[in-house]
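Participant: Quick one: structure below, then a few questions.
The values are calculated or read from the model by the stated rules, or taken from the named source; none is laboratory data. Keep in mind that this is a model prediction, so the values were computed, not measured. FYI the Cβ positions are ideal-geometry reconstructions off the backbone, even for glycines, and counts take in every protein chain you see. Quick note on the areas: whole protein, heavy atoms, side chains included, nothing else; ligands and nucleic acids left out. Shrake-Rupley method; radii C 1.70, N 1.55, O 1.52, S 1.80 Å.
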Amino acid sequence: MPSYFKFRREELPVVGDLMLSLFQRDRAKFEEFSPKYNDEFIASVSAQIHKVQDLTTTQSLTGEIKTITSELYQSLDDMLPKLDRLASYVQSANKSLVVKYADFGIREAKKDLRKRNVEAYCAQQKVIEQNIAKNLEQLKAEGYKEEFGLEIKNETNAIYEKNLLQENKLRERKEHVANNAGEFDVLWKMLADISRKGKVVMAHDKQKAEEYMFTHIIKKVRNIPVKKKPVVIAPPVVTEPAKEKEEPQIENVES
């Protein structure tokens, strides 16, 4: 993956807008440096900024993934009390079961739910369903109803589908970014060129030249406050009070 200084890919359109505004401010100096910095150059940079901006709409995919993940995790959490209820039936009938509670698979399934390991949970749920079928009459005697088992099965299928949808969306986002990586690279080369040339053509004005530095741009992009140089206060100078000059004593000479 190419390096874009310290910027993230989704920040590049913002960097582009800031850099282009600097270029337009100092356009006369750029044109004086080279005729290639003309209207066509501005149009191409602007078009590339908008193109990359459109590509960063993978944020909508990210939003979808967050929603799906949130719903998936909620479904996993909702399954825990259902398995607790099932465990209660199994423990009550434990003495008469063909498969004892320790080997029923419920404890393992609950661990997988807490770890958010959907694949492992769904596989474990298959084992539980088989064990229920082998011990159906014994469980019914304790109050277990087949409708309850069907409810767990349907919700497990829904969990599996949500997990599959999440994986597909993650893959889609990854492919979207990978397929369009070249567009980000094109914009970055344009911005790097403006940055380099800007420092050259504005060398006569140190402050404006520094504005083309990426270290300066990144602070604006991320709204990092500029640190003020600490004001060094010199310690007060303690002066000793001036000594009074002693008047020379004039001796009285007796004649």
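Participant: In deg cm²/dmol, rounded to 500, what helix-only [θ] at 222 nm does the chain give when every DSSP H run of at least 4 residues adds -39500 (n - 2.57) and the total is split over its residues?
Facilitator: Working: 11 runs with 172 residues, N = 255.
That calculation yields -22500 deg cm²/dmol at 222 nm.
Participant: Within 10 Å, count the other beta carbons around each residue, average over each peptide in 39-45, 17-23, and list them highest first. Walk me through the intermediate numbers first.
Facilitator: Numbers: 39-45: 13.3, 17-23: 17.6.
Descending packing order for the listed peptides: 17-23, 39-45.
Participant: Using +1 at the C-beta of Lys and Arg and -1 at the C-beta of Asp and Glu, which of GLN24, GLN48, PHE7 has the Cα lying farthest in the positive direction of the dipole of segment 1-68?
Facilitator: Positive-end residue among those listed: PHE7.
Participant: Can you tell me the FRET efficiency between ALA120 and ARG171 if r is taken as the Cβ-Cβ distance and R0 is 22 Å, rounded to the nearest 0.05? Can you show the working numbers first?
Facilitator: Values: r = 20 Å, r/R0 = 0.92.
Calculated transfer efficiency: 0.60.
Participant: Let me ask you something else. Give LYS51/LYS197; LYS51/LYS162; LYS95/LYS134; LYS66/LYS110 a once-over and call out the pairs whose C-alpha atoms are over 20 Å from each other.
Facilitator: Numbers: LYS51/LYS197 23 Å; LYS51/LYS162 32 Å; LYS95/LYS134 14 Å; LYS66/LYS110 23 Å.
Pairs exceeding the cut-off: LYS51/LYS197; LYS51/LYS162; LYS66/LYS110.
Participant: Would you work out the charge dipole size for segment 66-172 about its Cα centre, treating the Cβ of every Lys and Arg as +1 and the Cβ of every Asp and Glu as -1, and quote it to the nearest 20 debye?
Facilitator: Values: 19 positive and 18 negative charges, 69 e Å.
Computed about the Cα centre, the dipole is about 340 debye.
Participant: Using a basic spin-label model with each label point 7 Å from the Cα along Cα→Cβ, how many nm lie between ALA43 and PHE5?
Facilitator: Reported label-point gap for ALA43 and PHE5 is 2.8 nm.
Participant: Calculate the FRET efficiency for GLU155 and ASP17 from the Cβ-Cβ distance with a Förster distance of 30 Å, rounded to the nearest 0.05. Please report the intermediate quantities before stating the final value.
Facilitator: On the way: r = 48 Å, r/R0 = 1.59.
The pair GLU155/ASP17 has a calculated efficiency of 0.05.
Participant: Quick check: the angle from helix 181-201's long axis to the longest principal axis of the chain, C-alpha only, nearest 10 degrees?
Facilitator: Orientation of helix 181-201: about 10 degrees from the principal axis.
Participant: Any idea of THR62's accessible area? Nearest 10 Å², probe 1.4 Å.
Facilitator: 40
Participant: OK, next. Could you do me a favour and compute the accessible area per residue for segment 66-172, 1.4 Å probe, result in Å²?
Facilitator: Values: 6110 Å² over 107 residues.
Each residue of segment 66-172 exposes 57 Å² on average to a 1.4 Å probe.
Participant: Using a 1.4 Å probe over the heavy atoms of the protein chains, calculate the carbon and sulfur portion of the accessible area of segment 66-172 as a whole percent. Spell out each step's value before the answer.
Facilitator: Values: 2980 of 6110 Å².
Accessible surface attributable to carbon and sulfur in segment 66-172 totals 49 percent.
Participant: Which value, in nm² and rounded to one decimal, describes the direction-averaged projected area of the C-alpha convex hull of the chain?
Facilitator: 35.1
Participant: Moving on. Based on the Kirkwood radius over alpha-carbon pairs, what value in µm²/s does the Stokes-Einstein equation return for the translational diffusion coefficient of segment 66-172 at 10 °C and 1.306 mPa s?
Facilitator: Stokes-Einstein gives a translational diffusion coefficient of 111 µm²/s.
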